[in-house]
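Scroll down for the structure; my scribbles are underneath it.
Bear in mind these aren't lab numbers, they're just calculated from the coordinates by the rules spelled out. Predicted model, so just to flag it, every value in this text is computed and none were measured. Quick reminder, even Gly has a Cβ in these numbers, built from the backbone with ideal geometry, and neighbours come from all protein chains shown.
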Amino acid sequence: MTSLSKKMKVTMAGISVALVIAGCSTTDMEAVRPMSTPNTIVARSRSASSKDSSYADGVYTAIGQYGSLPSSITVTVTLVNDVITAVEVTPHATNPTSLDLQRRFAAAIPTVVVGKRIDEVKVDRLAGSSNTPDGFKAALQRIKEQARIGATTSK
């Protein structure tokens with residue numbers, strides 16, 4: 001199976017989970033573009049999460065920049081009770097070598113983070129990429145800030 005078809009499977013699984021979560025919600029969804037964190041889009045359920053959750057359930061997207069040259073990836077995470085149930089990484093590189101590394105990282109990351117609590121995720125060198133994890137960490141930090149229950153967001 002090619003890495004592209006693996007990525008498509010992961011993407012489809014993430015979309016399926018997001019649709020199931022959205023379909024199960026008994027409340028409306030709200031889209032928030034926080035003013036304090038550029039390049040972040042948040043879709044979050046207005047319903048309360050589990051009492052033990054630190055983060056609101058939902059699908060969150062953020063851009064993570066890294067490296068001395070402005071490299072970036074887009075990370076989309078689905079959270080349920082603080083657990084990552086789906087993840088998608090979209091490469092932005094135009095250089096063939098960098099693009100290959102970002103694609104390999106994108107294909108490998110679901111096996112590392114899906115099923116883990118968001119606060120327990122630790123990603124280092126993965127699939128031959130030593131810098132892309134920095135972009136992932138930056139995007140995940142933005143997602144955590146936006147998903148944190150009790151965090152204020154601008155509408």
*Any aspartates and glutamates with Cα under 18 Å of the LYS137 Cα? List them, leaving off those in the same chain fewer than 8 positions away.*
ASP82, GLU88, ASP119, GLU120, ASP124, GLU145
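Which order do peptides 55-63, 121-129 fall in by mean Cβ count within 10 Å, highest first?
55-63, 121-129
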*For the range 49-100 versus the range 109-151, the gap between their alpha-carbon centres in whole angstrom*: 7
